[in-house]
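Enquirer: After the structure tokens below, expect a handful of questions from me.
Read-outs throughout are calculated quantities, based only on the coordinates presented, and are distinct from any laboratory measurement. Bear in mind the structure is a predicted one, so any value in this text is a computation, not a measurement. Note that each Cβ is placed from the backbone with ideal geometry, even for glycine, and that neighbours are counted across all protein chains shown.
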Amino acid sequence: MASKKLHIPSKRLILSYIFDWIVIIAIAAVGASWEYIEPFKRPFSPVNLDISYPFETHETIPTSLLVIIAFVAPAVITFLVCLFFVPGPTASHGTPKSLIWRRKAWEWNTAWMGLALSLAITFMITQGMKLLFGKPRPDLLSRCKPDFSKLQETAINHVGEVFNPAWVLVTADICTNTDLDILNDGFKSFPSGHAAFSWAGLLYLTLFLASKFSVAIPFLAHRPFSTNPAHTSAVTRSNLKKSSILPSHNKYTSLASNTFSDDKVVPIRLQNAAPPVYTLILVLVPIASAIYICSTRFTDFRHFGFDLLFGSFIGVTSAWFSFRWYHLPITRGAGWSWGPRSYQRSWGIGVGVGSYVGTEGWSRHGDSETEDLDTSGGGRISAGGVRDEADLEMDEMETHLRADQGTPHSHAI
């Protein structure tokens, strides 16, 4: 049974995560500051029909609505999921409420950090690329309102004049529109910021929901041993106990012994199953919303197809990267995010150190801060509600063993 005492988290560790938030906000601030820099203006042809679409003053999905859909909505949904569905049904009734609320707070923090990182990276990259490439939008000529009397003085070459005096490439000096905000924005077609931002927020939400509610293609874990009776007939309980493959723990040794019995080999098809089809709604709705947002940028004549595809690529990449930065794989993580960094490695690790994780969890005092929780999944978690490395390895082994026996596997908080 768990101890009722929870130690105060290390200030050093907390400050390191506060600084992470500061860095994320700084990334977004850099992207926002680039809005006030004049972009490169790529020369264009005043008779190019591809950039002669009308300038629509009413956008189907304006920037303010995009922020609500791709940022505010995912933030609210992830908060509610962490509030009501964490730590899940596997926590024992004797688990201290303070420990449960600490786990809720941690999952909420990692959910928002991943979302913020995804959107901040996407925003900075797209804003910067718009300035660098200066690609004309499909409605540039409507924004520009070119003065054809300036064709000769604004032309960068006169090759096309052989066919038509207007068949030349000109600079933005030919434009008569004095509203620089509208004109400068006309040279920010590549990549699509709406596409990138929508995928960064909504795909992250998709991955988060798929993780928390186990919506994934069935996964078959790798086994550290063979289930072929011919290969395991010589394996005995005492040999298993001494093996480095299994922890020296009666529960796991017993499971392994039963698994290696000739009549205990479970067919592969009985070791996992597909989730209910209705759960696909959790992943299809955010994805469909992102696709719709992209389509409006095409029908509003704001972007070309490649602009949308590349913007989507940026958003998808950022969402996946940011989700995995803070969360375990969907098919193997049982819905959890990574635990906090250790106290000693909260600000970085040096040469020769394997990872940021340690056994001390939230506290600086090491293993003395850990608590043993009696849960259906077994194992130990630290005072911060985070399993240490040895516990994760034991859980992994138990997953394999239970799978071979056809036993449902559950995780503790």
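Enquirer: Can you tell me which of 271-279, 201-209 comes out highest on packing, and rank the rest after it, using the mean Cβ neighbours within 10 Å?
Expert: 201-209, 271-279
Enquirer: Based on the alpha-carbon set only, what is the convex hull volume of the stretch 44-162 divided per residue, in Å³?
Expert: Hull volume over Cα atoms, normalised by residue count, gives 146 Å³.
Enquirer: In whole angstrom, note down how far apart the Cα centers of the stretch 164-204 and the stretch 345-359 are.
Expert: 45 Å
Enquirer: For the pairs Lys130/Lys150; Lys41/Lys145; Lys11/Lys97, note any where the Cα-Cα span goes beyond 20 Å.
Expert: As for pairs spanning more than 20 Å Cα to Cα, those are Lys130/Lys150; Lys11/Lys97.
Enquirer: So, in nm, how far is label Leu131 from label Ile68 when the simple model puts each one 7 Å beyond its Cα toward the Cβ?
Expert: It works out to 3.0 nm between the two label points.
Enquirer: Please compute the net charge surrounding Gly114, taking Lys and Arg as +1 and Asp and Glu as -1 over other residues with Cβ under 14 Å from its Cβ.
Expert: Residues near Gly114 contribute 0 overall.
Enquirer: How do the peptides 299-310, 340-351, 119-130 rank, highest first, by the average count of neighbouring beta carbon atoms within 10 Å per residue?
Expert: So the peptides 299-310, 340-351, 119-130, ranked by packing, come out 119-130, 299-310, 340-351.
Enquirer: Each residue of the stretch 170-186 in turn: what ³J(HN,Hα) in whole Hz from Karplus with 6.51, -1.76, 1.60 and θ = phi - 60°, glycine and Pro shown as x?
Expert: 10, 8, 5, 5, 6, 6, 10, 5, 8, 7, 5, 4, 5, 5, 4, 5, x
Enquirer: Which ³J(HN,Hα) values in Hz, rounded to whole numbers, follow from the phi angles of the stretch 153-158 under the Karplus curve 6.51 cos²θ - 1.76 cosθ + 1.60, where θ = phi - 60° and Gly and Pro get x?
Expert: 7, 9, 5, 8, 7, 10
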